[in-house]
Structure formats: C-alpha cells, structure tokens
C-alpha cells in the first residue's frame, strides 16, 4: 500500500542510516537521500491517479489496528495533503544536502532523527484516525528534541525545554479533546471509534463542542504559532541546527495549518464558525506583531523566525475565511512560505558559517564580495514581501481576496501587512548586503552545492508565481469538497449565531457555480 | 499582431535573464549591447505594432493577446494577457523609444562603473515591468508591473549601494510607493468582489451599469486607485521619496522621470477613466492635488541648488499638470503632456548627466557656470529642453501640450478660475527655475573647468530628444491657431472625448496671458540669475529658501509622526514583552519548588509538627463551617 510505504520507507531509512552511520557517515547521508527521493517519486506518481468522483481522496486506505478500541490505520491523501507531502520530501532532501558539511558528529543518529521527524510529518499529513494522528503528532516531537539538544547551538538547553513544554501542553490538551470526542460519540452511537470520517457529524451541546475544539486549537496554535503562544519559536529556531530549523519552519508549522483545515472544520463546523472572527483577529495580531518584532531584531535567524510568525498569520486569516479562494491561498501559502523560509534560513546559515556571527550589526556590504548570494537573498526577500511573479504573492492575494469576501474589515487591516513585510525585509537586505563592507574575513560566494539548492528553491517559487495553475488544479477538488462538507454540516446544525457566516459563504458558492 | 504585442515586453525580459544569469562573464561591450539591443528590438516591434494599428484603425480599435492562463480558482480567472489600444500604444512607444535612447546613452555614461552589467540587468527589468504595466489587460498583471517598477526603482536608486544614504533613498522610494500599492491592492480586491472579473475593460463596462455616479462604493474605489496613483507619481502628500531618488545614477533618473515609474499614476487614472467618471468628487480631488502639487514643488525647484533635484521637482510639478488635466477630464491633454514631458525631461536629465560627468560628480549649479562655450551640444540641447519645459510659445512642444492643460483647467465643465490661477503661477515658477538652471550653469564666469567631453553615444540621444522637444508638439494645435488635432482624435479611440464649455473666443486671451507669463519669466530670470547672480546665490542661504529647498518640511513631519514612533516602539519591545510572561511563570514555579523543597528537610519533628497543625486546621474548618 503506497501510503504506508511512504512512512515505512522513511522509518526503515532512519534505522538503516543510524546503523550504517556507525561505519560510514556518507553512507547514512546517501541512504537518507535515497529514502526521501523514493518517497518523492512515489508521491509524484500519485498526481496521475484520477480522483474518484464524489470524493476528495486520491487514495483512501483503512485497516484495523486495535479493533477493540476502535483504532484503525486509516490513511488517505487528497489534493491538499499530496502537495504538502511533496513539500515534505523536497525540504527533506534539501535538509540532508545542507547538513552534508554542517553535521559532523553522530551523523548516523542525526539522520535517524531527521527521517523519523519526517516520518512523523508524513503520518500527520496522511492520518484520518485521531489516535494515529496523535501518535504521529508526538512522533515529530521527540526527534526534534534530540536534533536541537545534540546538534543545536547557543542556549539550546533552554530552547529545547521551552519548545518541549509549550508543545507538550498543547498536545496534552488535544489528547483530552480527542478522548472526550471519542467517548461522546461512543455513548451516543454505541460505536467507539477514532476514525475522523465516522466522528464527523458528532453532535453535542454547543459549549461542549467549543471546549473540545479548544483542545485541538491549543495544539495547532502552539505549533503554528499564534501570538501570544509564539515565544518558544524564536529561541528554538535560533538554537536548532539548520536542518532542524528547516523542518520546524517549513514543515512542522504546516502540520498545524493542515490540522486546522482537516480536523477543526469537519469536526466542529458550528464552533469553528463561531470562533472565526476571533481566529481572524489572532491572524492579524500575528501578522503585525511578528512583523514588528522582525523589524527590531539584530540576530538574522531571529529576524527570519519572527517574519515566519507574521506569514503564518496570513494562513490563520485564510483558514477562518471559509471560502475556496482563501483556502487555495492557504495551500499556496503553505508551499510558498515553506520554500521561502527554507531559502532564507539556509542563507542565514551560509552567512553565519562564513562570518562566524549572525549579528546584523557586523554584516554589511557583502554584495561586493558575494553578488550571487546577494541576488539569491534579494530574490527570496522579494518573495517574502510578496512581490508579484513569485509564489507568495499569489498566496497572499488569494487569502486577502477570500478574507475580504468573508469579513471585509479584517482584509482591509491585513492588507497593510504587505507594507509591514516590506519594511523589515528591506532593512534586512540593507544590513546584510548593502552599505559599507564590515568584515575583514575572506568571504567566498556560494559554493556549487549551495547554488543547486538555491536554484531548485528559486525555480519552484517562480513557478508558483507565474504558473500557479499547476498547484491550484491539484488542490481545487479537495478544497471544494472540504468546504462542501462544512456546508452540509452547517445546514444540519441549526446554530443561530453563525448563520451570517454560512450565508455569505453560500452566496460565494453560487457565484462559483455561475 | 498578437505575437508582436506579447513580444514587446518579452525582449527586455529576455535581456534581463541573459544579463542576470550570464552577465558576469561578459565584457562590457557585450552586456551593454544586449541591454540596449533588447530595448531596441522592443522599440522596433512597438513601431511595427503602431504602424499596423494605424493601418487597420478603421476596423479594429484594440487588440488582445493571451500569453498563458495565469490563475484559475472558482470564478477567479486571470491570464497573462495584453491589450493594445491608443492609450497603451502611446505609452509603449514612448517607453521603448525614450528607454532605448537612455540605454544607448548609459553605455557611455556608465562605462567606467564596475557594476556595468548589474546596471543594465536592472534597467531591462525596469522597462519590462513598465511595459507589462501599460500593456496588461487585467488588474493583476498591471499590479505585477506596478510592483515591478517599484522594485526596480528601489534597486536602481540604491544602485551605488556602498553609501548607506543611497540605500535609505531606495528603501524610502519602495516603502512610499508600497503604501500606494496597498491601496491599489484593496481597490483591485473591491473591483473583483463587485464585478467578478479583473479584466479592465469588463470592469469599466460593468461599473457604468452597476454603480451610480457618486455612489460611496465608486468613490471609495476611485479613492484607493487615486492613492496608488499619487504614491507612484509622487504627488502631494506622497512626493518626498522622488527627491531622495536622485541618489541613483543619472540615466536612472532620466528613465524614472520621463517614461516609467512616475508616469504610472497618470496611466492608472487614464486607464480607469470610466471608474473615475463615477466619482466626481475624486476627480475634483485629482485636479486639486495636481494643481497644488505643481505650485508647491515649483517653489522647491526654484530654491534648490542641486541640478538633479531641481529637475526632480520639475517632474513632480509637470506630473501635477497631468493630474490637473486628468482631474478636469481632459484625458488626452494629460497623455499629450506625458509624451512631450518624456522627451524634454529625458533630455534635461541626460544633459544634466553630461554636465555632472564634466564637473566630476558636482551637482551644485552654483559651482558650475560659463559652460556654454565649452560644451556647445549640451548647452543648445539643454536650452531646447528648458524652453520646452517652460512652454515657450509656438516654437516648443511644451507649449502645445501645457497650454492646452492651462486653458482646460478653466474651460472644462469641472474646471475653475482658481485651478487656472494655480496653473498660471506654476507656469511662471517653471520658467523661473528652468532658466535659473540654464543661466547659472551655462552663463557667468566659469567656476570649474570641465574634465570630460561628451562622446557620440551621449550627443546623439541628446540631439534626437532636443529635436522632439521642439517639434514633438506639432501633432496637436490649439483651436486659436489651427483646427488640427490628430493626437486628440487618435487618443479618442480609447479615451472619452473632452469638450470645454467656456466660449472659444476666451481661449485666445487666456493663451496670450500664459504666453506672456512665460516671456516675463524668462526676462525675470535673466535679470535675477545673470545680472544679479551673486544676489541669487546669497538668497539660497536664507531661511525661506531653505524651507522650500527642504521640500516644505514634509520629511520632518513624517519623521516625527510615523517613523520615530515606530522605531521607538520596536526598540523598547525588541525582546518581546510577551516573553516575560513565560519567564515569569518559570521564575514563579522555581520559587515555589524551592519553597516546597524547604519543607522536605528530613527532620522527623518538622514533619510531625506540620502534620499536627494540618489536622488541627482541617478539624477547625470542619467544625465551624
């Protein structure tokens, strides 16, 4: 079965590279690359599989695991998760490549952790069983803990504690919610199951549903993260080795966004609609507070970390807009942000490796020494501030357009995020590449390997900017189906306070039909 | 025809890619030839397209070309597609033609620069973006070009990046214009939500039916587009960035001020004339902003000593005339002035560039002087440019385009006597600062010996542009001289017909007044700046002059109101006060754990004691509750 294979290949690769790594570090690297490449190719073949009519799932596979408790191995992928899988394996490959020189101690164990974390991410994107989902959700965490704790730098112990405590509290609350939902559904129907499809449509008092949803939100909001649950992020991103930062910023934050789309709305349609205005406000707060903090930083990695919070704010905004354009924007934003943030963090790593510092005050004028690096930095800075022609613009435009239709005022405020990102991004460029040259060190421009990494990221981000249809067409059926499930759920649950929202959505849907 | 239209922006884009990816290994000759050549090919294609357009004008008024389908999601369908009509044709011709001359000139001007290749890379991208902006047939592609010119001007203004001041000027330009972009983006979103399409023609068509004249939604949308336009076109109160933008190399200024970037706002309003027609109050606002800007920046131009900044203020002022024309509904007059301004403003900047090279990077006009004998070609062409800028009657192109606007500012149904007064005052100021520039630079005694003699690559573009600055206006005459309006009738294939409602016999008198104002202006500047040159120089030290020179203190106001508070807030909160909550929780838990660990001291009597106290307390509570 292809979906289990995706996870098993990674886990097998993880074990194998740990073992082989004892004798040959290069062997561990190559095994990791191979495992990820095989997964990438397998996922690409999924794109050619026709989606059966009347469903959003490209592949939907279920086997019993612990039938007595209603736990099953229910894995499925649709247009949204298949794109995220591609991102996962692609970023995985990039992570292995950029660790080639950076990671020199315990190489085998490093790649074990890397691949296990990626297996966790893959599992999260595929699970349709809440128990399984929770299992993979936790599986991502432990290898990350080791990666930061062993190969990190700076105040890594403090960072890793902070990361662990924040995410564990979130996960714990989610577990409570999962179990509550499980028992409510069981007591109502007599069927005790963790299967999301079966749990969809579970009814309980509005306040109960709201509380259950809050548990899920806690886990997702910590990992996304939202302001004010973001304080683990800058410390953790900064302390992690580059590959770890890539995983955290490009992938783990996306698992939270994915969770919002996949679980919150199908399971708690009414509660989610009631929460929507608050969710949008949180998104706006993240956009501006993240941008403001990014503007103030002098540590390059911290700056990029805060910019990431700002961009995740757009995702939150779009997620709560409940319409096709906003959702497709969210999907593109997940991909585009994953690529852009990876490129920026790699750039930060390349710079700090050459300069032995991440302090912006000690950079400056580097364009003269490294024009290629400057060009790459410029291109991704422009992607990050949403320049048209690059993927992030499409995403932000879609999200703003969708949000405007759902909640005009929120969109009007959020659009100023485009200005805020310009201000801190240009400051970053100025401090690194322009002005007077400050370093006395010999400074090499990009190596060939860096060049290939950046070129592949650049091609993708331009592709998403000038021909986003390749990606939009893949996600469209899944997005439509997800939203129509909301519609059905909403019409079943007569929930007075949210009728305005569903009303505006229906208007939008009829527009689509036309 | 479709292929030709799509190829016009494609060639500069190709030039950009070649220079960006392979330019490092090229010699300057090769990258300079590619840089100028790509624009040259685009120019030839544009002329060919123009010929075809005129040839078939009786049958076809506009052509569309789809390159590829860009976006589709739900009812949002946007293509990379172009539209050629009279308006975009004029802009395309001016952009490619003037752009080509500037590229040729740059081959000589930038010859000694180490970053020669980077310069042409940016310049090609700049022209590409501007062409996309004017040729786009939907708002999103237009927005792409719109942001693209913003990016390129940022890069080119900060081109000499080693000086942090240049970087600051570049960022200032980007952030000012980005503010307008935000407004434009909102406007685009509103248009899509209301009309379900981003096609400019469809929106214009639907808006007339769906939105009532003066309805609040029409006014809001037009206002948002207007904010986008004034930020790009450096109109009040968004003008300060353009003055700092002089930090870039002079050919950049020539390109920025003549055919690209600052004229984008004019294009935006002209392109959306149907929307603006639905918002008469915004039209009035456009006219007032234009009229006030042209006077305010005229004073600043008169006060400045830096030759490039005088020209920068003159651009702000001339764009003000275009806004005035747009505001009173004289659409084609605005476009006419755009075209003529492109000729003489490119000419003046390129001439100023030659002077700056000769003066070894000196910008202060008072350090120059007496240069007319040493640099005759630059002198004669510069006078031609200045005369055209001042609108010297009958013999310059500027007269034909600007006097039309001055007359329409009164004669239009929405015009007024006050707008006309401002326009006339602006005309006087224009003449004064233009000829101040000429007299101070080229007359008087020579202060600095020129260290450079312009070569042909510099002279030929100057001569061509001088020719056009003089004769380029003969495509449209005032009614008092002749009923000859090929330009207006050509523009009317795309833009609405404009008819003044004031009686025609007044026109002659009004034109005599403005002609007289120009001649008086030249005489006055001769008196002040040739005969009393020292007094004029002394005047630059006065407080009043400094006030005008510093752009009426706009920078200071923005600094105090916006920049300083933002910096202050981000500085005090650099460590993120929300993190203190976590640190606080951690500290409190640590304190508690220490406190509790004190109780765990292994002494038996301590445990017995606390056990007893505890039992007593619980019992007391249970008894008395």
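The values are calculated or read from the model by the stated rules, or taken from the named source; none is laboratory data. Quantities reported herein were computed from a predicted structural model and do not represent experimental measurements. Neighbour counts are summed over all protein chains in view; Cβ atoms, including those assigned to glycine, are modelled from backbone coordinates with ideal geometry.
Here is how the numbers come out for the structure above:
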item	result
Meets criteria (in a helix (DSSP H, G or I) and within 29 Å of residue B:513 (Cβ to Cβ)) for residue B:424	yes
Verdict on residue B:154 being at the interface with chain A (Cβ under 10 Å from one of its Cβ atoms), under 17 Å from the mean Cα position of the chain (by Cα), part of a helix (DSSP H, G or I) and under 30 Å from residue B:2 (Cα atoms)	no
Residue count for the stretch A:120-172, restricted to those that are closer than 23 Å to residue A:88 by Cα and not in a helix (DSSP H, G or I)	4
Subset tally (residues that are part of a helix (DSSP H, G or I) and either under 30 Å from residue B:366 (Cβ atoms) or more than 13 Å from chain A (Cβ to nearest Cβ) (or both)) for the stretch B:535-578	24
Residues (surrounded by fewer than 24 Cβ atoms within 10 Å (Cβ to Cβ) and under 16 Å from residue B:43 (Cβ atoms)) located in the stretch B:105-135	B:107
The lone exception for residue B:57 - which of (1) free of Cβ contacts under 8 Å to residues at least 40 places away in the same chain; (2) over 27 Å from the mean Cα position of the chain (by Cα) it fails	(1)
Test: residue in the stretch B:81-93 that is farther than 30 Å from residue B:340 by Cβ, outside any helix (DSSP H, G or I) and within 14 Å of chain A (Cβ to nearest Cβ)	yes
Matching entry among B:290, B:301 (being assigned to a helix (DSSP H, G or I) and without any contact (Cβ under 8 Å) to a residue 60 or more places away in the chain)	B:290
Residue check for residue A:141: touching a residue at least 24 places away in the same chain (Cβ under 8 Å), crowded, with 20+ Cβ neighbours inside 10 Å and in contact with a helix residue (DSSP H, G or I) (Cβ under 9 Å, 6 or more places away or on another chain)	no
Residues within the stretch B:171-206 that are within 8 Å of chain A (Cβ to nearest Cβ) and within 17 Å of the chain's Cα centre (by Cα), tallied	7
Of all residues in the stretch A:347-368 being assigned to a loop (DSSP other than H, G, I, E, B) and more than 12 Å from chain B (Cβ to nearest Cβ), the one that is surrounded by the most Cβ atoms within 10 Å (Cβ to Cβ)	A:363
Any hit, the stretch B:442-451, residues being at negative phi, part of a helix (DSSP H, G or I), buried (at least 18 other Cβ atoms within 10 Å of the Cβ) and within 27 Å of the chain's Cα centre (by Cα)	no
Residue in the stretch A:214-230 that is nearest to the other protein chains (Cβ to nearest Cβ), counting only those that are at pLDDT below 90 and under 30 Å from residue A:96 (Cβ atoms)	A:230
Filter result (under 24 Å from the mean Cα position of the chain (by Cα) and closer than 16 Å to residue B:339 by Cβ) within the stretch B:385-400	B:385, B:388, B:389, B:391, B:397, B:398, B:399, B:400
Any chance residue B:13 is within 14 Å of chain A (Cβ to nearest Cβ), out of contact with any strand residue (DSSP E or B) (no Cβ under 9 Å at 6 or more places or on another chain) and in contact (Cβ under 8 Å) with a residue 60 or more places away in the chain	yes
Residues of the stretch B:124-150 satisfying the condition of being more than 16 Å from residue B:82 (Cα to Cα), in contact (Cβ under 8 Å) with a residue 24 or more places away in the chain and within 11 Å of another protein chain (Cβ to nearest Cβ)	B:125, B:147, B:150
From B:618, B:581, B:585, residue being more than 14 Å from every other protein chain (Cβ to nearest Cβ), surrounded by 10 or more Cβ atoms within 10 Å (Cβ to Cβ) and part of a helix (DSSP H, G or I)	B:618
Hits in the stretch B:52-70 (condition: buried (at least 20 other Cβ atoms within 10 Å of the Cβ) and either at the interface with chain A (Cβ under 10 Å from one of its Cβ atoms) or more than 14 Å from residue B:137 (Cα to Cα) (or both))	B:53, B:70
Pairs, first within 17 Å of residue A:374 (Cα to Cα) in the stretch B:112-123, second part of a loop (DSSP other than H, G, I, E, B), C-beta under 6 Å, six or more apart	B:116/B:110; B:119/B:110
Residue A:275 touching a helix residue (DSSP H, G or I) at 6+ places or on another chain (Cβ under 6 Å) and modelled with pLDDT of 90 or more	no
Test: residue in the stretch B:208-218 that is under 24 Å from the mean Cα position of the chain (by Cα), surrounded by fewer than 24 Cβ atoms within 10 Å (Cβ to Cβ), modelled with pLDDT of 90 or more and more than 21 Å from residue B:341 (Cα to Cα)	no
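Yes or no, residue by residue, for (1) touching a strand residue (DSSP E or B) at 6+ places or on another chain (Cβ under 8 Å); (2) surrounded by fewer than 23 Cβ atoms within 10 Å (Cβ to Cβ):
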residue: B:162; (1), (2): no, yes
residue: B:170; (1), (2): no, no
residue: B:189; (1), (2): no, no
residue: B:198; (1), (2): yes, no
